Amino acid sequence: PRAPMSAQAAAKKGDIAALRAAVERDGSPDLTRLLGTTLAWATETKASRFGDVATYLLDMGADPGARGAMGMPMLCLAARSGVARLVDLLHERGAPETFYTAAALGAVDAVRRELNVRPATAKAQDENGMTALVYCAQSALGRSDGAVETRLADIAGLLIDWGADAEAAPESYLR
């Protein structure tokens, strides 16, 4: 017989039954960390599985506004997965939208407003050393939605027009 799956492994696989069993068996894991893991491993082809896991973790108390895997905002992790349902779920649960998340989500008007008020944000890095341009480029939300793809391209152009360095990115996020 195989050993029971850990909560971390279940979150990576999007296995809701194994996650519930692990949480019951092991007590109270770091739910927010597990949410970040879930979002980092989510894929469009397994969106419903990962959506169920994310919903469970949020219901149990995971923080949708925290930073998850790789220190990225949860909304940016969801955008990176390309699973719009996860973005919607995080919004429903109160995840805050920032300049960086707006860039990853294709929110052109929000990015434009911020640039008009604070032009230096085009080059600004968050606490991970990531820029809005990097978050925008990593978003996979446009893969299955042509309108979002166009908005992401528009945001990238805006950021570059306002001085963002298309060559600058933290080494760890280029792999």
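Some notes on this structure:
- No other residue among ALA110, ALA102, ALA132 is in contact with an Asp or Glu (Cβ under 9 Å, 6 or more places away or on another chain), over 18 Å from MET72 (Cα atoms) and not polar (S, T, N, Q) apart from ALA110.
- Scanning the stretch 39-69 for residues that are without any contact (Cβ under 8 Å) to a residue 60 or more places away in the chain and of a type in the set (Asp, Glu), we see that the one that is most open to solvent (accessible area, probe 1.4 Å) is ASP59.
- Test: residue in the stretch 144-159 that is open to solvent by 50 Å² or more (accessible area, probe 1.4 Å), closer than 26 Å to LYS46 by Cβ and modelled with pLDDT under 95: yes
- Subset of the stretch 96-110 (residues that are open to solvent by 10 Å² or more (accessible area, probe 1.4 Å) and either aliphatic (A, V, I, L, M) or within 18 Å of LEU34 (Cβ to Cβ) (or both)): LEU105, ALA107, VAL108, ALA110
- Qualifying residue in the stretch 107-127 (condition: within 21 Å of ALA42 (Cα to Cα) and touching a residue at least 12 places away in the same chain (Cβ under 8 Å)): no
- Hey, ASP59 farther than 26 Å from VAL148 by Cα, part of a helix (DSSP H, G or I) and out of contact with any helix residue (DSSP H, G or I) (no Cβ under 8 Å at 6 or more places or on another chain) or not: yes
- Residue that is of a type in the set (Asp, Glu), out of contact with any helix residue (DSSP H, G or I) (no Cβ under 6 Å at 6 or more places or on another chain) and either over 11 Å from ALA78 (Cα atoms) or modelled with pLDDT of 95 or more (or both), where the choices are GLU44, GLU24: GLU24
- GLY129 being modelled with pLDDT of 95 or more, more than 11 Å from the chain's Cα centre (by Cα), of a type in the set (Gly, Ala, Ser) and on the phi > 0 side of the Ramachandran plot: no
- Just so you know, in the stretch 1-27 the residues that are over 17 Å from THR38 (Cβ atoms) and part of a helix (DSSP H, G or I) include one that is nearest to the chain's Cα centre (by Cα), and it is GLU24.
- On inspection, ASP88 fails the criterion of being over 20 Å from LEU152 (Cα atoms), of a type outside the set (Ser, Thr, Tyr) and open to solvent by 50 Å² or more (accessible area, probe 1.4 Å).
- Any chance PRO64 is under 11 Å from ALA7 (Cα atoms) and assigned to a loop (DSSP other than H, G, I, E, B): no
- Subset of the stretch 122-132 [touching a helix residue (DSSP H, G or I) at 6+ places or on another chain (Cβ under 8 Å) and open to solvent by 20 Å² or more (accessible area, probe 1.4 Å)]: ALA124, GLU127, ASN128
The values are calculated or read from the model by the stated rules, or taken from the named source; none is laboratory data. This is a predicted model, so every value here is computed, not measured. Because the Cβ atoms are built from the backbone with ideal geometry, glycine has one as well, and the counts that use them run over all protein chains shown. Heads up: the accessible areas ignore ligands, DNA and RNA and are worked out on the full protein's heavy atoms, side chains in. Shrake-Rupley method; radii C 1.70, N 1.55, O 1.52, S 1.80 Å.
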